[in-house]
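This report concerns only the one structure given below.
The values are calculated or read from the model by the stated rules, or taken from the named source; none is laboratory data. Note that this is a predicted model, so its numbers are computed, not measured. We place every Cβ from the backbone using ideal geometry, glycine too, and count neighbours over all the protein chains shown.
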Amino acid sequence: MEHMKKVFKYISILILIGIILSGCTRTAPGNDETPAPEPVEENRVLVAYFSITGNTAKVAEEIYALTEGDIYEIVPLYPYEEEDLQYYVECRSTVEQSDPTIRPEIGSPDLDMSSYSVIFIGYPIWYGEEPRILDTFVEKYDFEGKTVIPFCTSDNSPIGDSGKNLESNAGSGSWLEGMRFPADFSKEDVEDFVREVMK
């Protein structure tokens, strides 16, 4: 009888130890070891631009600073030289702008557009239109589900149909009406533009 009591007491101790150990290894509610997923960043902005004289680059940099997004320069694979930009003479830019099917190659690295929801696209106005390399750019990427905002620089020419041309060539995205900036634009001009399109 005494022997049976000792065996029962030994088994009871083992069971109690098992219960204690299982309670120690159990994860407390709310303290799951799996890290919570990163919150999705809303309205992540990309400022993509093409600039030869530097005017469009200046506006792009202002937008970039205001939106705290990312900035990307559309660099031609074959750079434009001064002789390529002589208006109204037989030169590279004249030939390109006279043929809407020409698509100059882009030399800058490919973009991952998946994380952006708002995309500003900047360019100078050439012969009243967007440079053909912008058509190359918008045809290369998918803008589905993204808000796209064109902006341009020009001393005299308006933005015209350049934004609509890009929207048509892109074939996707929600395109807003763009804005033209002169060479002597002010920071306030850019701030007003960004505030209006981002509200």
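Table for the structure above
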read-out: Residue among PHE193, PHE185 that is part of a loop (DSSP other than H, G, I, E, B), touching a residue at least 40 places away in the same chain (Cβ under 8 Å) and either touching a helix residue (DSSP H, G or I) at 6+ places or on another chain (Cβ under 7 Å) or surrounded by 15 or more Cβ atoms within 10 Å (Cβ to Cβ) (or both); value: PHE185
read-out: So PRO104, is it in a loop (DSSP other than H, G, I, E, B), in contact with a strand residue (DSSP E or B) (Cβ under 7 Å, 6 or more places away or on another chain) and either under 20 Å from GLU62 (Cβ atoms) or in contact (Cβ under 8 Å) with a residue 12 or more places away in the chain (or both); value: yes
read-out: Which numbered condition TYR116 misses (of (1) surrounded by 18 or more Cβ atoms within 10 Å (Cβ to Cβ); (2) out of contact with any Asp or Glu (no Cβ under 8 Å at 6 or more places or on another chain); (3) more than 14 Å from SER93 (Cβ to Cβ)); value: (2)
read-out: Check on PHE143, touching a helix residue (DSSP H, G or I) at 6+ places or on another chain (Cβ under 6 Å) and either buried (at least 20 other Cβ atoms within 10 Å of the Cβ) or modelled with pLDDT under 95 (or both); value: yes
read-out: Selection status of ILE119, under 23 Å from GLU177 (Cβ atoms), in contact (Cβ under 8 Å) with a residue 60 or more places away in the chain, hydrophobic (A, V, I, L, M, F, W, C) and not in a helix (DSSP H, G or I); value: yes
read-out: Unique residue being part of a loop (DSSP other than H, G, I, E, B) and among the aliphatic types (A, V, I, L, M) when the list is VAL95, VAL89, VAL138; value: VAL89
read-out: Lone qualifier among PRO79, PRO29 - being part of a loop (DSSP other than H, G, I, E, B), modelled with pLDDT of 95 or more and not basic (Lys, Arg); value: PRO79
read-out: Residue match in region 62-73 (condition: part of a helix (DSSP H, G or I), under 25 Å from MET113 (Cβ atoms) and in contact with a Gly (Cβ under 8 Å, 6 or more places away or on another chain)); value: yes
read-out: Any chance LEU85 is of a type outside the set (Val, Ile, Thr) and buried (at least 20 other Cβ atoms within 10 Å of the Cβ); value: no
read-out: Filtered residue count, region 155-182, keeping only those that are under 20 Å from TYR127 (Cα atoms), among the hydrophobic types (A, V, I, L, M, F, W, C) and not in a helix (DSSP H, G or I); value: 3
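So that you can scan it fast, the table gives a plain yes or no per residue for (1) over 20 Å from VAL197 (Cα atoms); (2) surrounded by fewer than 13 Cβ atoms within 10 Å (Cβ to Cβ):
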{"site": "CYS91", "(1), (2)": "yes, no"}
{"site": "GLN97", "(1), (2)": "yes, no"}
{"site": "ASP110", "(1), (2)": "yes, yes"}
{"site": "GLY122", "(1), (2)": "no, no"}
{"site": "LEU134", "(1), (2)": "yes, no"}
{"site": "VAL148", "(1), (2)": "no, no"}
{"site": "CYS152", "(1), (2)": "no, no"}
{"site": "ILE159", "(1), (2)": "no, no"}
